[in-house]
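The values are calculated or read from the model by the stated rules, or taken from the named source; none is laboratory data. Small disclaimer: the values here were computed from a predicted structure and weren't measured. Note that each Cβ is placed from the backbone with ideal geometry, even for glycine, and that neighbours are counted across all protein chains shown.
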Amino acid sequence: MSPSLTPPLQPIKPAYRLQILSDEQLVQLKSGTLEILSTVGVHCPSKNALNIFAEHGALVDFATQIVKIRAEVVLEAMSHAPRFYTMGARSPSHDIKLDGTATYLATDGCGVETIDFTTRERRPSCKDDIAKMARMADYLTSISFYWPIVSAQDFPRIAPLHELEASYNNTVKHVQSETIMDAKMAQYAIEMARVIAKSEADMRARPPLSLLVCCIAPLGLDRDGMESALTLAAAGQPVGFMSMASVGSTGPATLAGTLVTGDAEIVAAMTLIQMAYPGAPVFHSMMPGIMHPHTGAFLGTAWEGTLLYPIGVELAHAWGVPSLAGVLATDGQVPGWQAGAEAASSLMLCALVGADTGSGLGLLESCTLLYPEELLLDSDIYHRVRLEAAGLDTSPGAFALDIIREVGPRGFFLKHRHTRDNMRKMKYSELTCQPAKNGGYRDPVEVAQEKAKWILDNHQPEPLERNQQNELNRILVSAGKAFDN
């Protein structure tokens, strides 16, 4: 298959904005976070992180590994965090410039099972799934950067590095990992990023890799996650922190209580990075859930739960950093009504409050199961929201008053040239309202399955240079030997 052009990004650029929390409520939430950090603290089992906290004015109990941070120490550290920066791509025209004007989305990530592309049987995910979905994501204008959407379970020892290699070989867009979870693995990932950027200076100016680290609710920082975050931050790659506290289990049984608990986890981690590397690019990601009262399961899109994601965006901005919002993720089990209903509301809310980035396209069953066609279905919802958020054109030409005068009362606009010219500019779904041979319309899920196959059969992004491919393979071999010892 010969290389084909990767279409330009189409981020959501809202023409109007929404504010969910008042300024007073945001101050209350920030005050609650600062109180938790100063009086309750967070657990952090990383010795390196504990030393950094202690050296910069935090109260550290090395025996219990509890860190308490006074409000003034948090605020001073966070004052260095940049609000805007660039997430670089292999293709410079696909760089993401976080400037507060647009929302850029990624696929979902870390799924563990796949509905097979050919047999339609459910099976564990593998590296080839990551590569195929990267190609699909490269083709879709709704996807601005790529999370390795599932896990490379066929390479368990160094899966995160195989996930990066499969991603870089199959998309020219920025890649963000969720699975690089220790300093040793992070060093190999940085080597890969340097190969993609081609120089140390370009790697720092246009970082081709970013990392998302999950905190451990309640009020815990992961040892290996913090070690990897510190390593990537030292190399100039953006690092973010996510809380997935669950209302009623790993968070208090109120939305506000869970928000402030999760925010304390995230802010503690960002504070550590700013203590170690002032000015390092960081981001804030609030993706809590609500406990199912009968099963104890984590529900990411329970009725009230969807409100937590846009509020997380507002909290991120209140701290002066970009946001990674939870959008389009669903508790639905199969492509259909539930997945669509839950996805649309969360995406629209997050876009209208100004989310900088977001993730969640392509997985079902609370972000664990990949249906290849779900990425197309989610993309369709994305473009509906993108067009709705863009607002209404009220320019003189859009009112078409001269055409209305020409056609007049009881006239018919269909035959007018204005209609032919402008109807060609209208945007329509490629999945819904597709005419069936025997009348009516086709099932959008079936159309999405066909479209997914067409992309995989026809789209091949610009490949890496041969020397870059060889270098990535060399790094994989080296890492494999190092982790086997």
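Couple of notes before you dig in:
- Some residue of segment 424-438 being in contact (Cβ under 8 Å) with a residue 12 or more places away in the chain and not in a loop (DSSP other than H, G, I, E, B): no
- Selection within segment 17-49 - in a loop (DSSP other than H, G, I, E, B) and closer than 20 Å to T306 by Cβ: R17, L18, Q19, I20, L21, S22
- The listed residue being aliphatic (A, V, I, L, M) and in contact (Cβ under 8 Å) with a residue 12 or more places away in the chain, out of V60, V74: V74
- Per-region count, segment 140-176, residues closer than 24 Å to L347 by Cβ and touching a Leu at 6+ places or on another chain (Cβ under 9 Å): 14
- Filtered residue count, segment 347-362, keeping only those that are outside any strand (DSSP E or B) and either over 13 Å from R384 (Cα atoms) or touching a strand residue (DSSP E or B) at 6+ places or on another chain (Cβ under 6 Å) (or both): 9
- Across segment 83-104, the number of residues qualifying as in contact with a Lys or Arg (Cβ under 6 Å, 6 or more places away or on another chain) and assigned to a strand (DSSP E or B) comes to 1.
- Filtering V175, V195 for residues that are in contact (Cβ under 8 Å) with a residue 12 or more places away in the chain, under 18 Å from P92 (Cα atoms) and surrounded by fewer than 24 Cβ atoms within 10 Å (Cβ to Cβ) leaves a single hit, V195.
- Hey, S167 of a type in the set (G, A, S) and over 17 Å from P372 (Cβ atoms) or not: no
- For segment 339-363, the candidate set comprises residues that are farther than 20 Å from G109 by Cα and free of Cβ contacts under 8 Å to residues at least 60 places away in the same chain; within that set, the residue that is surrounded by the fewest Cβ atoms within 10 Å (Cβ to Cβ) is A341.
- Within segment 265-283, none of the residues are of a type outside the set (A, V, I, L, M, F, W, C), under 23 Å from L308 (Cβ atoms) and modelled with pLDDT under 95.
- Residue in segment 381-388 that is surrounded by fewer than 19 Cβ atoms within 10 Å (Cβ to Cβ), under 16 Å from S429 (Cβ atoms), touching a helix residue (DSSP H, G or I) at 6+ places or on another chain (Cβ under 8 Å) and not β-branched (V, I, T) present: yes
- Scope segment 320-346; condition part of a helix (DSSP H, G or I) and either over 17 Å from E304 (Cβ atoms) or acidic (D, E) (or both); matching residues: W337, A339, G340, E342
- In the set E314, E304, only one residue is in a helix (DSSP H, G or I), more than 19 Å from the chain's Cα centre (by Cα) and closer than 30 Å to Y382 by Cα; that residue is E304.
- Some residue of segment 222-245 being part of a loop (DSSP other than H, G, I, E, B) and of a type in the set (D, E, K, R): yes
- Filter result (closer than 22 Å to F117 by Cα and in contact with a strand residue (DSSP E or B) (Cβ under 8 Å, 6 or more places away or on another chain)) within segment 373-389: E374, L375, D378, S379
- Matching residues in segment 248-286 - criterion: being in contact (Cβ under 8 Å) with a residue 12 or more places away in the chain and part of a loop (DSSP other than H, G, I, E, B): G248, S249, T250, Y277, P278, G279, A280, P281
- With respect to the stated conditions, A58 fails to be within 30 Å of N170 (Cα to Cα), in contact with a strand residue (DSSP E or B) (Cβ under 7 Å, 6 or more places away or on another chain) and crowded, with 22+ Cβ neighbours inside 10 Å.
- Which numbered condition T64 misses (of (1) assigned to a loop (DSSP other than H, G, I, E, B); (2) over 25 Å from G225 (Cβ atoms)): (2)
Here is a yes/no grid of residues against (1) outside the structural domain of S142 (by TED's automatic domain parsing); (2) more than 29 Å from the chain's Cα centre (by Cα); (3) among the polar types (S, T, N, Q); (4) under 28 Å from N169 (Cα atoms):
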{"site": "R410", "(1), (2), (3), (4)": "yes, yes, no, no"}
{"site": "K425", "(1), (2), (3), (4)": "yes, yes, no, no"}
{"site": "G440", "(1), (2), (3), (4)": "yes, yes, no, no"}
{"site": "K453", "(1), (2), (3), (4)": "yes, no, no, yes"}
{"site": "D457", "(1), (2), (3), (4)": "yes, no, no, yes"}
{"site": "Q469", "(1), (2), (3), (4)": "yes, no, yes, yes"}
{"site": "I475", "(1), (2), (3), (4)": "yes, no, no, yes"}
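- Residue in segment 367-384 that is in the same structural domain as H317 (by TED's automatic domain parsing) and touching a Phe, Trp or Tyr at 6+ places or on another chain (Cβ under 9 Å) present: yes
- Leading residue by the ranking (surrounded by the fewest Cβ atoms within 10 Å (Cβ to Cβ)) among those in segment 135-172 that are in a helix (DSSP H, G or I) and among the aliphatic types (A, V, I, L, M): A159
- Selection count, segment 1-35, where residues are surrounded by 19 or more Cβ atoms within 10 Å (Cβ to Cβ) and farther than 26 Å from V353 by Cα: 1
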